[in-house]
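The values are calculated or read from the model by the stated rules, or taken from the named source; none is laboratory data. These figures come from a predicted structure and were not determined experimentally. Cβ sites come from the backbone with ideal geometry, for glycine too, and all protein chains shown count toward neighbours.
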Amino acid sequence: MNTAPALGCIADDFTGATDLAGMLVRAGMRTVQMIGVPDAPLPAEFDAVVIALKSRTVPADIAVAESLAALRWLQAAGCRQFYFKYCSTFDSTERGNIGPVADALMTALDTPFTIACPAFPENKRTIFNGHLFVGETLLNESGMQHHPLTPMTDANLVRVLQRQTRRKVGLIGHDSVAAGAAAISSKIGKLREQGVEIAIVDAISNDDLLQIGAACADLQLLTAGSGIALGLPQNFRRDGTLAVQPGDADALPTISGLRAVISGSCSVATQAQVAHMIGTGAPAFAVDPLKLAAGDDVASAALAWAAPLIAHGPVLMYATAAPDSVKAVQAELGAEHAGALVEQALAAIAKGLVTQGVRQLIVAGGETSGAVVSALGVAGLRIGPQIDPGVPWTASLGDPSLALALKSGNFGSVDFFTKAWDQLR
Ligand code: ADP
């Protein structure tokens, strides 16, 4: 029996990887998210692997080298189909990195054709006549034209991608997509006769994604947002390589131990979640960036404060503050320095809490999560059940295994920090 993962994915950023991994689990594949290209083989059996890179805005040659290293690892793990995941708003610079990475992966796999489809209709990212819409608005009028790193000033994805690659870019229009998988396959055949090597694919609904997925069963490489992942498990189920039933893909091992919440996000949703948890009477420790800047050992103070409390229920360690207070701190310390100080302190606190016996940990904030996961030496995350859209419980690979919920800023309901535990036994 083949126990190698069927699908190997390369994601160009961390939260994008989590998004894709969550989609795959939802569609019935047991999925692990690896943080960077692993230096050891897969430790357990999975149906899909997502390698999270940070390659969206780095120079194109670095993005290519990292993506090729990820591909080699996935090939060695036995994956048979490959998926390059980028943002549903096709975030890229004029020169890349979507085109150069797709090119390099095609060459390495010696594959003549792939698709490019960032559509994610549930999140209101749709593609029609090759143009990407965010809600009812064209991409270049959606606010994305002002993005500090990847300004998107053209909604015509055929044109955008053609500027990034020497391969001929074409379009599989919605007339083919709406006619179903066979029509999409036949359109692929026609485009290939015309010398097209990468095709933007229209998609405006989940049903479109399922049809596209079915039509792409035999493509060695797919490039897409996370939406296309919905349509892939059906292929593996049909060819017998995926036996797990959809409801069973998110099973996690039981992880018991003490509980804590670490919050370094200052997003509106997180501020409300912090206030809510404090309102329930949970013990809370505020990490003050100015004390950190003054050289105080805030992490040790926080851990000493937590020691007698933590056995009685979850504690909250937070740097989360209102915009005025964050602005004042940033004016004094500089935004980057303040951010780095807080991230380091929260990461040290996370490490100390694990030493105190914490095994169930919620972390709020994208950058904060990155810092915590790196301090804890977590190499990979087994993806479990969703707590709120976009935020699953995960189990870290390795010893000790930790139950981790990594919540990016604006995600989650107001009672996220108090309700999430209910899903863990
Ligand atoms: P989000 O997902 O909400 O964007 P991140 O963790 O990615 O959250 O980013 C929040 C950033 O703000 C981090 O770098 C964090 O260290 C920093 N930060 C947190 N609290 C404060 C604060 N009180 N003052 C200044 N910076 C802060």
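Here are the numbers:
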quantity: Residue that is farther than 25 Å from residue 279 by Cα and outside any helix (DSSP H, G or I), where the choices are 383, 362; calculated: 383
quantity: Criterion violated by residue 288 - all others in (1) within 16 Å of the ligand (Cβ to nearest atom); (2) touching a Leu at 6+ places or on another chain (Cβ under 8 Å) satisfied; calculated: (2)
quantity: Qualifying position, being within 20 Å of residue 247 (Cβ to Cβ) and assigned to a loop (DSSP other than H, G, I, E, B), among 23, 29; calculated: 29
quantity: Among residues of segment 238-281, those that are in contact (Cβ under 8 Å) with a residue 24 or more places away in the chain and either within 16 Å of the ligand (Cβ to nearest atom) or farther than 17 Å from residue 27 by Cβ (or both), counted; calculated: 27
quantity: Flag for residue 45 being at pLDDT 95 or above and not hydrophobic (A, V, I, L, M, F, W, C); calculated: no
quantity: Failed criterion for residue 196 (all others in (1) under 28 Å from residue 79 (Cα atoms); (2) surrounded by fewer than 17 Cβ atoms within 10 Å (Cβ to Cβ); (3) not hydroxyl-bearing (Ser, Thr, Tyr) hold); calculated: (2)
quantity: Failed item, numbered, when residue 196 is tested on (1) touching an Asp or Glu at 6+ places or on another chain (Cβ under 9 Å); (2) outside the structural domain of residue 386 (by TED's automatic domain parsing); calculated: (1)
quantity: Answer from 137, 107, 153, 111 - the residue that is assigned by TED's automatic domain parsing to the domain that holds residue 216, touching a residue at least 60 places away in the same chain (Cβ under 8 Å) and of a type in the set (S, T, N, Q); calculated: 111
quantity: Unmet criterion (only one of (1) out of contact with any Leu (no Cβ under 9 Å at 6 or more places or on another chain); (2) within 16 Å of the ligand (Cβ to nearest atom); (3) of a type outside the set (Val, Ile, Thr)) for residue 386; calculated: (2)
quantity: Qualifying residue in segment 173-191 (condition: within 22 Å of residue 89 (Cα to Cα), in the same structural domain as residue 100 (by TED's automatic domain parsing), touching a helix residue (DSSP H, G or I) at 6+ places or on another chain (Cβ under 7 Å) and buried (at least 19 other Cβ atoms within 10 Å of the Cβ)); calculated: yes
quantity: Index of the failed condition, residue 230 passing every other in (1) within 27 Å of residue 421 (Cβ to Cβ); (2) out of contact with any Pro (no Cβ under 6 Å at 6 or more places or on another chain); calculated: (1)
quantity: Verdict on residue 365 being under 30 Å from residue 41 (Cα atoms), surrounded by fewer than 19 Cβ atoms within 10 Å (Cβ to Cβ) and under 19 Å from the mean Cα position of the chain (by Cα); calculated: no
quantity: Every residue from segment 391-415 that is crowded, with 18+ Cβ neighbours inside 10 Å and within 14 Å of the ligand (Cβ to nearest atom); calculated: 391, 405, 406, 407, 408, 409, 411, 412
quantity: Failed item in (1) in the same structural domain as residue 68 (by TED's automatic domain parsing); (2) modelled with pLDDT of 95 or more; (3) not small (Gly, Ala, Ser), with residue 273 passing the rest; calculated: (1)
quantity: Among residues of segment 300-352, those that are within 13 Å of the ligand (Cβ to nearest atom), surrounded by 19 or more Cβ atoms within 10 Å (Cβ to Cβ) and over 28 Å from the mean Cα position of the chain (by Cα), counted; calculated: 1
quantity: So residue 421, is it of a type in the set (A, V, I, L, M, F, W, C), farther than 28 Å from residue 341 by Cβ and surrounded by fewer than 19 Cβ atoms within 10 Å (Cβ to Cβ); calculated: yes
quantity: Candidate set: segment 105-142, residues that are polar (S, T, N, Q) and in contact with a strand residue (DSSP E or B) (Cβ under 6 Å, 6 or more places away or on another chain); chosen: the one surrounded by the fewest Cβ atoms within 10 Å (Cβ to Cβ); calculated: 111
quantity: Matching option when the condition is in the same structural domain as residue 296 (by TED's automatic domain parsing), polar (S, T, N, Q), under 30 Å from residue 24 (Cα atoms) and more than 16 Å from the ligand (Cβ to nearest atom), among 355, 418, 368; calculated: 418
quantity: Residues of segment 216-254 classified as farther than 21 Å from residue 10 by Cα and either in the same structural domain as residue 354 (by TED's automatic domain parsing) or not hydrophobic (A, V, I, L, M, F, W, C) (or both), total; calculated: 10
